[in-house]
Amino acid sequence: MGQSASTPTGLIRRESNLSHRMKHNRSFSTSVISPEELSPSSPPPSSSSEFQIINIFTDLDFISELPDECLAYIFQTLSSGDRKRCSLVCQRWLRVEGQSRHRLSLNARSDLLPSIPSLFTRFDSISKLALKCDRRSVSIGDEALIMISLRCRNLTRLKLRTCRDLTDTGMIAFAKNCKGLKKLSCGSCTFGAKGMNAILDNCALLEELSIKRLRGITEGAAAELIGPGVAAASLKTICLKELYNGQCFGPLIVGSKNLKTLKLFRCSGDWDRLLEMFAKKVTSLVEVHLERLQVSDHGLEAISNCLSLEILHLVKTPECTNVGLVSIADRCKLLRKLHIDGWKTNRIGDEGLIAIARRCPNLQELVLIGVNPTSLSLGLLAANCQNLERLALCGSETIGDAEISCIAAKCAALRKLCIKGCPVSDHGMEALAGGCPSLVKVKVKKCRGVTCEGANWLRESRGSLAVNLDTGTSEPPEVIAGDGEVQENVAEFHPIVVQSGASDMPSSSNGRSPLYKAKLSFFAGRSFVACTFRKWSSSNNSC
């Protein structure tokens, strides 16, 4: 009884929703049953009428009337796995899914070659392509890359990883076929300067270039220079990592007059002279990363000519001192983010930080690793940098309860604080309980004087404050290596073994080489703060 009474109402709703479709579709009858017959006061329809209406709705294929553009838009909201499953539904879905896919990542082993024609016939709108090969496998060669370039002429982004069988020949042909390229990222490839120059000479729209471990570049005085090419006018970002002869990119760096971001990681050679030449021609630089680089105060003084500089990272550059930091402070008054890993050399300290405090009032983020500031510089930073929201103090011998009390009393805008390996105790936590009114998150790691009771008391005193404490007694974390970085899940605060250098690492018989141990020690020591601020920055659009 109850089911037969609810049936007419449901039929009314479905017929009203589709009345406009049925009026224009001759294959369906609009006289099967009238709205009057389906009114609540009317008796239920006969079983034959009900059967006719059910047949109508069963035969209707709503998706077939949906335009391909709408179906493609729906596919774009799905995950990669769901898209693959949708492509198996029917031939139309397979075609639309392939034509609407713009990003593709392929295992670039040599056996990919026979599949390229059919693969890129289906995916004929690819604009972002990643070709990645396992180190133990044979990668695709020039023939495969040329074939791909002929079928993906609208490619704007290309990522190559461990494609060791690619040569200059393949890169030259690719550059001529894909002149609309805007972003190129290469890692552990073996083509050389000719292939790189072909990209720069043909891709006039190139905006981002990232090169890591490019093995084909000749070392020594015979090295062929790279750049500038037509791409120099459009380049916004250059990132060079782990290059034995990275300075052969000098003409490109100096010639990129619109460059906004320059990142140099672990590239051999003296970079002072190149930075001096660069600063004379390029003054629009906004972001600079220098890591494990032979650069001194002369290089920093050259960078200070970039008056628009907002972000500066100095990581393990032992020749940089307070003098260079003062020159940055004197001229780069728009500085917002400053990261310094002093490597415990004590060459950067209060003098440089005081200059930053006095001349860079827009500072929002400050990370100090292996640097020993005192209350004098911290007090000025807190008083003058009213927008300081994120502060990390790691491996500092001078950061104690007095310095934390100074921060708590003066840093009114501070939202996130990270303390690692500093002689801070529960008294410092007590000071935070009554200061920093904007504070929302505190992370404390390997500060032996801070106990669980002190952290719990701080948490209870300020209910809205997230307090994460790692005393260094839990299991070690899983360390995942990426492109020149090491990441860990800092939200759970697993401990990491921190060493001041490779020479401090104890020997063992586990078969690991001393170089491997040194690299592991170096990365582990910096991953905590790096990952913490990656998460903090991504959650704050203002930085």
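The values are calculated or read from the model by the stated rules, or taken from the named source; none is laboratory data. Being a predicted model, the structure only gives us computed values, none of them experimental. Note: ideal-geometry Cβ built from the backbone for every residue, glycine included; neighbour counts use all protein chains shown. We work out accessible area using only protein heavy atoms, side chains counted, and drop any ligands, DNA or RNA first. Shrake-Rupley method; radii C 1.70, N 1.55, O 1.52, S 1.80 Å.
To keep it simple, each residue is scored yes or no on (1) under 23 Å from residue 336 (Cα atoms); (2) modelled with pLDDT of 95 or more; (3) touching a Ser or Thr at 6+ places or on another chain (Cβ under 6 Å).
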position: 383; (1), (2), (3): yes, no, no
position: 397; (1), (2), (3): no, no, no
position: 408; (1), (2), (3): yes, no, no
position: 412; (1), (2), (3): yes, no, no
position: 418; (1), (2), (3): yes, yes, yes
position: 431; (1), (2), (3): no, no, yes
Point to revise | Candidates 191, 123 - the one that is modelled with pLDDT under 95 and either closer than 26 Å to residue 99 by Cβ or open to solvent by 20 Å² or more (accessible area, probe 1.4 Å) (or both) | key: 123
Review point. Can you tell me which residues in region 421-432 are touching a Cys at 6+ places or on another chain (Cβ under 9 Å) and open to solvent by less than 10 Å² (accessible area, probe 1.4 Å)?
Key: 422, 424, 428
Practice item. Go through the residues of region 364-371 one by one and say whether even a single one is under 18 Å from residue 301 (Cα atoms) and of a type in the set (A, V, I, L, M, F, W, C). Key: no
Exercise for review: Inspect all residues belonging to region 367-383 and state whether any of them is within 29 Å of residue 257 (Cβ to Cβ) and touching a strand residue (DSSP E or B) at 6+ places or on another chain (Cβ under 8 Å).
Suggested key: no
Revision key, fill the gap. Out of (1) open to solvent by less than 30 Å² (accessible area, probe 1.4 Å); (2) assigned to a loop (DSSP other than H, G, I, E, B); (3) of a type in the set (A, V, I, L, M), the one residue 404 does not meet is (2)
Practice item. Pick out the one residue from 352, 324, 299 that is of a type outside the set (Asp, Glu), over 19 Å from residue 283 (Cβ atoms) and assigned to a helix (DSSP H, G or I). Key: 352
Exercise for review: State whether one or more residues within region 421-437 are within 24 Å of residue 311 (Cα to Cα) and in contact with a strand residue (DSSP E or B) (Cβ under 9 Å, 6 or more places away or on another chain).
Suggested key: no
Check your understanding: Among the numbered criteria (1) in a helix (DSSP H, G or I); (2) in contact with a Ser or Thr (Cβ under 9 Å, 6 or more places away or on another chain); (3) not aliphatic (A, V, I, L, M), which single criterion is violated by residue 344?
Key -> (1)
Practice item. Scan (1) closer than 15 Å to residue 447 by Cα; (2) over 29 Å from the mean Cα position of the chain (by Cα) for the single condition residue 417 breaks and write down its number. Key: (2)
Check your understanding: Could you list, in sequence order, the residues of region 303-320 that are open to solvent by 10 Å² or more (accessible area, probe 1.4 Å), farther than 16 Å from residue 238 by Cβ and of a type in the set (A, V, I, L, M)?
Key -> 307, 315
